[in-house]
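**Student:** First the structure, which I've put down as structure tokens, then a few questions once you've had a look.
The values are calculated or read from the model by the stated rules, or taken from the named source; none is laboratory data. A quick note: this is a predicted structure, and the numbers were derived from the prediction, not measured. Don't worry about glycine lacking a Cβ; one is built from the backbone with ideal geometry, like all the others, and counts go over all protein chains shown.
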Amino acid sequence: MNTTVQNKEIVTKVYDCLNNRNTEPLRDIIADDYAGIRNERGYEGFLNATQPVISAFPDVHWNVEDMIAEGDKVVVRWQWTGTNKNPFQHFAATGKAMTNTAIAIYEIHDGKIHHAWMQTDRLGFLQQLGVVAADILAPQAKK
């Protein structure tokens with residue numbers, strides 16, 4: 001099996017573990033020197049980035065829409081859906097069903113994820129939470 005196929009399988013396992021709420025297998029694929037989206041380190045650092053989402057959206061489910069691999073990188077475009085049943089960071093729970101989209105890039109060496117970068121639709125997320133007006137980008141009427 002070639003490395004790009006193996007790397008895609010590793011990243012697929014990440015989302016399977018998150019969706020099944022079974023993160024223990026990630027200990028074997030998140031490198032000790034892993035640096036995440038907020039420069040978190042290792043397996044615990046990975047969980048520090050994902051657990052707040054799972055806690056605030058207990059029914060969250062990630063759907064991988066695209067996955068592309070080349071060399072030691074795997075790029076994923078995903079969308080998650082979930083219901084905001086608990087506070088998220090300092091925002092109160094809304095009870096709303098929400099979606100979020102992102103593109104993540106994983107760097108993999110020797111069967112372990114060493115780095116991840118992510119760009120997410122933070123504005124759309126905050127609009128769905130109701131903390132940013134949905135029409136914030138609408139043109140202002142001339143007076």
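**Student:** Give the number of residues within the range 35-59 that are without any contact (Cβ under 8 Å) to a residue 40 or more places away in the chain, touching a Gly at 6+ places or on another chain (Cβ under 7 Å) and not in a helix (DSSP H, G or I).
**Tutor:** 1
**Student:** Counting only residues that are small (G, A, S) and touching a strand residue (DSSP E or B) at 6+ places or on another chain (Cβ under 8 Å), which one in the range 1-54 is farthest from E107 (Cα to Cα)?
**Tutor:** Out of the qualifying residues, it is G45.
Residue by residue, here is whether (1) at pLDDT 95 or above; (2) surrounded by 13 or more Cβ atoms within 10 Å (Cβ to Cβ); (3) under 22 Å from L129 (Cβ atoms) holds:
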site	(1), (2), (3)
N2	no, no, no
I10	yes, yes, no
K13	yes, yes, no
R21	yes, no, no
G36	no, yes, no
N39	no, no, no
D66	yes, no, no
N86	yes, yes, yes
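For (1) basic (K, R); (2) outside any strand (DSSP E or B); (3) at pLDDT below 95; (4) loosely packed, with under 14 Cβ neighbours inside 10 Å, each residue gets a yes or a no:
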position: V74; (1), (2), (3), (4): no, no, no, no
position: W80; (1), (2), (3), (4): no, no, no, no
position: I113; (1), (2), (3), (4): no, no, no, no
position: W117; (1), (2), (3), (4): no, no, yes, no
position: L126; (1), (2), (3), (4): no, yes, yes, no
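**Student:** What single numbered condition from (1) in a loop (DSSP other than H, G, I, E, B); (2) touching a residue at least 60 places away in the same chain (Cβ under 8 Å) fails to hold for D135?
**Tutor:** All conditions are met except number (2).
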